[in-house]
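Data block below; observations after.
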2 protein chains.
Amino acid sequence: MSVIYDRVALIGLGLIAGSMAHAMRRAGVAGDIVGTARSAETRATAQEIGLCDRIVATAAEAVADADLVVLAVPVGAMAAVAEEIGPHLKPGATVTDVGSVKKAVVEAVGPHIPAGVHFIPGHPLAGTEHSGPRAGFAELFDNRWCLLVPVEGTETGALERLRGFWEALGAQVEQMDPEHHDLVLAVTSHTPHLIAYTMVGVADDLRRVTDSEVIKFSAAGFRDFTRIAASDPTMWRDVFLTNKDATLEILGRFTEELFALQRAIRTGDGDQLFDYFTRTRAIRRGIIDAGQDTDAPDFGRGLSRAQKAG
Amino acid sequence: MSVIYDRVALIGLGLIAGSMAHAMRRAGVAGDIVGTARSAETRATAQEIGLCDRIVATAAEAVADADLVVLAVPVGAMAAVAEEIGPHLKPGATVTDVGSVKKAVVEAVGPHIPAGVHFIPGHPLAGTEHSGPRAGFAELFDNRWCLLVPVEGTETGALERLRGFWEALGAQVEQMDPEHHDLVLAVTSHTPHLIAYTMVGVADDLRRVTDSEVIKFSAAGFRDFTRIAASDPTMWRDVFLTNKDATLEILGRFTEELFALQRAIRTGDGDQLFDYFTRTRAIRRGIIDAGQDTDAPDFGRGLSRAQKAG
Ligand SMILES: NC(=O)c1ccc[n+]([C@@H]2O[C@H](COP(=O)([O-])OP(=O)(O)OC[C@H]3O[C@@H](n4cnc5c(N)ncnc54)[C@H](OP(=O)(O)O)[C@@H]3O)[C@@H](O)[C@H]2O)c1
Ligand SMILES: NC(=O)c1ccc[n+]([C@@H]2O[C@H](COP(=O)([O-])OP(=O)(O)OC[C@H]3O[C@@H](n4cnc5c(N)ncnc54)[C@H](OP(=O)(O)O)[C@@H]3O)[C@@H](O)[C@H]2O)c1
């Protein structure tokens, strides 16, 4: 593959930026990768593992002469970073981000982008529960979606270039408007995360009652929740604070349905439970058919145990 | 390994019984495995894949001369099966079950077990979202827990034999009383399943609004829920109907905490969210340290994608 951006600046060096660095190298689409992070510790680690071609101390320094600038910090930190880099952006450069919420980022970053610089918000729908500069890997975006959320007046050329870049990193690209993005993600990601955090919190309270049994006997259901609830607290705090409306809307619907099922349990209405549990199977089928998850039982965990045992 | 029970009868031939059949053969602990299931179709499939040494048409027939009888049907079907087999059980035989709820099974099955037959309820904490006679595999119980719930007056010899049997199938065995079992499982399995079903149900409602986007963009969080919510509707209806009190108790706590977090989102209390999300990480760590789950990012899904890509 040939170079798409001569110089790419990564602001923030966590799971997503790190994976982008690995994937850019695999694809050969960046001439030169410059990175920076808030803490000296993260910058030192990135240096040590050779995550980028060059690590610099400030975001302002990083964006100098960059053709693509990627904001890969928590959503709540985007405004301050944008304000810092605004005056140093090269005319004709593209600024994008990878934040999990889009309307808030458009509002926080947009005002700091000078005329002559393209601002194209984005969100790769790929992640793990790990974070930090060592968590990234080149395959993270393979066959995953990356949603681009162009603001009014985005130049087609700049948009197509960014699309080609993400495709080279392994992703499939789709466009969406910010409000719609935030609603869809509230359903597929944000509310499920809040629910998982809550359920694990409840178990933690009960741990004092049931000792460590909750951990010991965590198979089936609960341990899947604990994986989700092990995600970075800062990232998720920012997601809920900045995607408040859509999250509260979906939470409202969730609570309504939960109460209906709770009532069915209380009154012993087996038919209602059975019908509800039958309806939800079709969605799983759809996800597997769409290639968005494995059909291996228990995500293939059983399989890998078998291999270990064998 | 040497034979522990000369003849084992499996009543019900789904995921759990099927996995037991495979694991019994791997360990060589059963002289002879006889199986039966409600439908002719399941019996024919079991016959075709050679799941047991012999498939018979009725439970009464299956238990004749069996040293161990395993009830592996949904919890709500246990009473009728116990009533059917009661008169046909061999003196000195052991009857156990694998139901996900224990207090209700003790009450439903106990009265049908004649004097001279050992009744030792059990529950292997292992499963996948798949079901039926083709879903089983020998490794399902490896390094998983099997909880035995002996009723009053259980003979030590019979109990130790059943413990040895489950250990030969790969499991670690622990004893628990029925009420405590049902509470712990309400936390680690039953309530998480209800919540997952609910969240997927909400997404299904919204699907009419957001088209198939919920499926398409299901990465991160939601698709884990869909796996849980793809589990067998009959099994789960019965679990909630028979473990009503503990489930409603945990659901009540869950709703309280969810409302507190919802309020924190509404009022923008980032500190409360951050603290809550930090606390829950420790539990994940505990589960991984206890060997109950993989530490591979995203359950190793990313890894298997990488291997496929590579
Ligand atoms: N993880 C996912 O599953 C996922 C998926 C899609 C999108 N995203 C989005 O991607 C972005 C980055 O997430 P990540 O998972 O890569 O996070 P991460 O691994 O935790 O890394 C975050 C990076 O941002 C820096 N940072 C944190 N707070 C900052 C602040 N106040 N000012 C400046 N820099 C700050 C950190 O610097 P230090 O290391 O020096 O603290 C670190 O380099 C977030 O907006 C998130 O919403 C995440
Ligand atoms: N799946 C799990 O994750 C898991 C884990 C631990 C314990 N358990 C417990 O294990 C038991 C079996 O679960 P499974 O996953 O093996 O289920 P499964 O794969 O769905 O198999 C259930 C078996 O029970 C039979 N059956 C269903 N309804 C019946 C009825 N009314 N009367 C007589 N037989 C009936 C079925 O017969 P047909 O095939 O002929 O319909 C089938 O052979 C349940 O009590 C469940 O709570 C399940």
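In region A:130-143, is there at least one residue being at the interface with chain B (Cβ under 10 Å from one of its Cβ atoms) and farther than 28 Å from A:Gly31 by Cβ? Yes, region A:130-143 has at least one match. Across region A:281-291, the number of residues qualifying as assigned to a helix (DSSP H, G or I) and within 7 Å of chain B (Cβ to nearest Cβ) comes to 5. So is A:Pro192 at the interface with chain B (Cβ under 7 Å from one of its Cβ atoms) and under 23 Å from A:Cys146 (Cα atoms) or not? So A:Pro192 passes the test.
Within region A:77-99, at least one residue is touching a strand residue (DSSP E or B) at 6+ places or on another chain (Cβ under 6 Å) and charged (D, E, K, R).
I'd like the full set of residues that are farther than 14 Å from B:Ala138 by Cβ and touching a Pro at 6+ places or on another chain (Cβ under 9 Å), limited to region B:1-34.
Filtering region B:1-34 for residues farther than 14 Å from B:Ala138 by Cβ gives B:2-14, B:31-32, B:34.
Passing the criteria: B:Gly12, B:Leu13, B:Gly14.
Looking only at residues in region B:124-168 that are more than 30 Å from B:Arg43 (Cβ to Cβ) and in contact (Cβ under 8 Å) with a residue 24 or more places away in the chain, which one is nearest to ligand 2 (Cβ to nearest atom)? Filtering region B:124-168 for residues that are more than 30 Å from B:Arg43 (Cβ to Cβ) and in contact (Cβ under 8 Å) with a residue 24 or more places away in the chain, the one nearest to ligand 2 (Cβ to nearest atom) comes out as B:Trp145. Among residues of region A:88-123 being more than 14 Å from chain B (Cβ to nearest Cβ) and of a type in the set (Ser, Thr, Tyr), the one that is nearest to ligand 2 (Cβ to nearest atom) is A:Thr96.
Does B:Thr198 satisfy being out of contact with any strand residue (DSSP E or B) (no Cβ under 7 Å at 6 or more places or on another chain) and either modelled with pLDDT of 85 or more or surrounded by 23 or more Cβ atoms within 10 Å (Cβ to Cβ) (or both)? Give the steps one after another, and end with the answer.
Numbers: out of contact with any strand residue (DSSP E or B) (no Cβ under 7 Å at 6 or more places or on another chain): yes; either modelled with pLDDT of 85 or more or surrounded by 23 or more Cβ atoms within 10 Å (Cβ to Cβ) (or both): yes.
Against the criterion (out of contact with any strand residue (DSSP E or B) (no Cβ under 7 Å at 6 or more places or on another chain) and either modelled with pLDDT of 85 or more or surrounded by 23 or more Cβ atoms within 10 Å (Cβ to Cβ) (or both)), B:Thr198 qualifies.
Residues that are of a type in the set (A, V, I, L, M, F, W, C), touching a Phe, Trp or Tyr at 6+ places or on another chain (Cβ under 9 Å) and away from chain A (no Cβ under 14 Å) were ranked within region B:1-37; the one that is nearest to ligand 2 (Cβ to nearest atom) is B:Met20.
Taking the conditions exactly as written (within 16 Å of ligand 1 (Cβ to nearest atom) and assigned to a helix (DSSP H, G or I)), does A:Thr247 satisfy them or not? Outline the logic, then answer.
Details: within 16 Å of ligand 1 (Cβ to nearest atom): yes; assigned to a helix (DSSP H, G or I): yes.
For A:Thr247, the condition - within 16 Å of ligand 1 (Cβ to nearest atom) and assigned to a helix (DSSP H, G or I) - is met.
For region A:254-269, a tally of residues being surrounded by fewer than 16 Cβ atoms within 10 Å (Cβ to Cβ) and touching an Asp or Glu at 6+ places or on another chain (Cβ under 9 Å) returns 1.
Only one of A:Phe259, A:Phe222 is more than 16 Å from ligand 1 (Cβ to nearest atom), within 7 Å of another protein chain (Cβ to nearest Cβ) and of a type in the set (Phe, Trp, Tyr); which?
On the way: A:Phe259 fails: within 7 Å of another protein chain (Cβ to nearest Cβ).
Answer to the check: A:Phe222.
Between A:Thr226, A:Thr278, A:Thr234, the distinction of being modelled with pLDDT of 95 or more, assigned to a helix (DSSP H, G or I) and either crowded, with 22+ Cβ neighbours inside 10 Å or not basic (Lys, Arg) (or both) belongs to A:Thr234 only.
The numbered conditions (1) surrounded by fewer than 21 Cβ atoms within 10 Å (Cβ to Cβ); (2) at pLDDT below 95; (3) within 15 Å of the chain's Cα centre (by Cα) are all true for B:Thr154 except (3). Of all residues in region B:237-249, which are crowded, with 24+ Cβ neighbours inside 10 Å and at the interface with chain A (Cβ under 7 Å from one of its Cβ atoms)? Passing the criteria: B:Arg237, B:Phe240, B:Thr247. Taken over region A:167-188, the residue count meeting the criterion of being within 25 Å of B:Arg207 (Cα to Cα) and either out of contact with any helix residue (DSSP H, G or I) (no Cβ under 6 Å at 6 or more places or on another chain) or more than 8 Å from chain B (Cβ to nearest Cβ) (or both) is 14.
The values are calculated or read from the model by the stated rules, or taken from the named source; none is laboratory data. This is a predicted model, so every value here is computed, not measured. Every residue, glycine among them, receives a Cβ derived from its backbone with ideal geometry; neighbour counts consider all protein chains shown.
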